[in-house]
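**Student:** Before we start, here is the structure in question, set down as structure tokens.
The values are calculated or read from the model by the stated rules, or taken from the named source; none is laboratory data. Because the structure is predicted, anything quoted here is derived from the model rather than measured. As a convention, Cβ positions derive from the backbone with ideal geometry for all residues, glycine included, and neighbour counts pool all protein chains shown.
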């Protein structure tokens, strides 16, 4: 099938989409391939496009340093603000097989305090897949979703999404994975007031727990910080990843 390939760095508008369709029709193309920025990518996905590849950049020195070090395992959870465990299970069954990396299984836990929690083996191994699955579930279900995770035994993160759109993000050491512009460092600090409104938690408690630092050593150990953060956000459970979740009462196990 022939394709129209374009590079567009902005989010799509109605006029831009109509222009692309018109150009594709004129060229006899059956597909439109758009190369865009990371920031605009979610908007293109919402417009009907599917992510099929990525272009990634790494500093040589930073990559070399990571190759020479050993990291503790990562783990995480996706909390969907819904009691409809069947709908969450169906969505997990639909989206997880599409994730690159080959998940060996997922677990959906029964609703607790208005939240249905999802754990996945691949999302434990690859924190970026945790974020991606959270976005897919939030968008598909039109729900508020919070993904929480401990990465490499060093840092803790949460990503809050409303209908597939990120509304808040926190990373305990914003520059743990490499230098960032000052604005992005600030953006990776928690918004306690917003998260309190969306989760029903206490803003002061969130503020006291969700602190940022220049290095992991300046904060509590990642496991401890993760448990404290989950509690501060009034989210259910302190289970650490897929393997622990499989043994919990009422767990819906989805092996692959």
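**Student:** I need the full set of residues from segment 9-30 which are touching a strand residue (DSSP E or B) at 6+ places or on another chain (Cβ under 6 Å) and closer than 28 Å to residue 166 by Cβ, in order please.
**Tutor:** 20
**Student:** Okay, next question. Out of all the residues in segment 7-26, which are outside any loop (DSSP other than H, G, I, E, B) and either assigned by TED's automatic domain parsing to the domain that holds residue 162 or exposed (fewer than 12 other Cβ atoms within 10 Å of the Cβ) (or both)?
**Tutor:** Within segment 7-26, 7, 14, 15, 18, 22, 25, 26 meet the criteria.
**Student:** Which residue out of 105, 114, 76, 61 is closer than 30 Å to residue 184 by Cα and either at pLDDT 95 or above or assigned by TED's automatic domain parsing to the domain that holds residue 156 (or both)?
**Tutor:** Just one listed residue meets the conditions, 76.
**Student:** Something else: Which one of the conditions (1) closer than 18 Å to residue 248 by Cβ; (2) surrounded by fewer than 21 Cβ atoms within 10 Å (Cβ to Cβ); (3) touching a strand residue (DSSP E or B) at 6+ places or on another chain (Cβ under 9 Å) does residue 92 fail to meet, given that it meets all the rest?
**Tutor:** If we test residue 92 against (1) closer than 18 Å to residue 248 by Cβ; (2) surrounded by fewer than 21 Cβ atoms within 10 Å (Cβ to Cβ); (3) touching a strand residue (DSSP E or B) at 6+ places or on another chain (Cβ under 9 Å), just (2) comes out false.
**Student:** While we're looking at this one, here's another question. Among the numbered criteria (1) farther than 18 Å from residue 230 by Cβ; (2) out of contact with any helix residue (DSSP H, G or I) (no Cβ under 6 Å at 6 or more places or on another chain); (3) buried (at least 23 other Cβ atoms within 10 Å of the Cβ), which single criterion is violated by residue 102?
**Tutor:** (3)
**Student:** I'm trying to understand the selection: among the residues of segment 176-209, which are more than 18 Å from residue 115 (Cβ to Cβ), at pLDDT 95 or above and part of a loop (DSSP other than H, G, I, E, B)?
**Tutor:** Matches in segment 176-209: 188, 189, 190, 191.
**Student:** Also, quick follow-up: Say we look at segment 70-89 and pick out the residues that are in a helix (DSSP H, G or I) and touching a strand residue (DSSP E or B) at 6+ places or on another chain (Cβ under 7 Å); which of these is farthest from residue 120 (Cα to Cα)?
**Tutor:** That would be 85.
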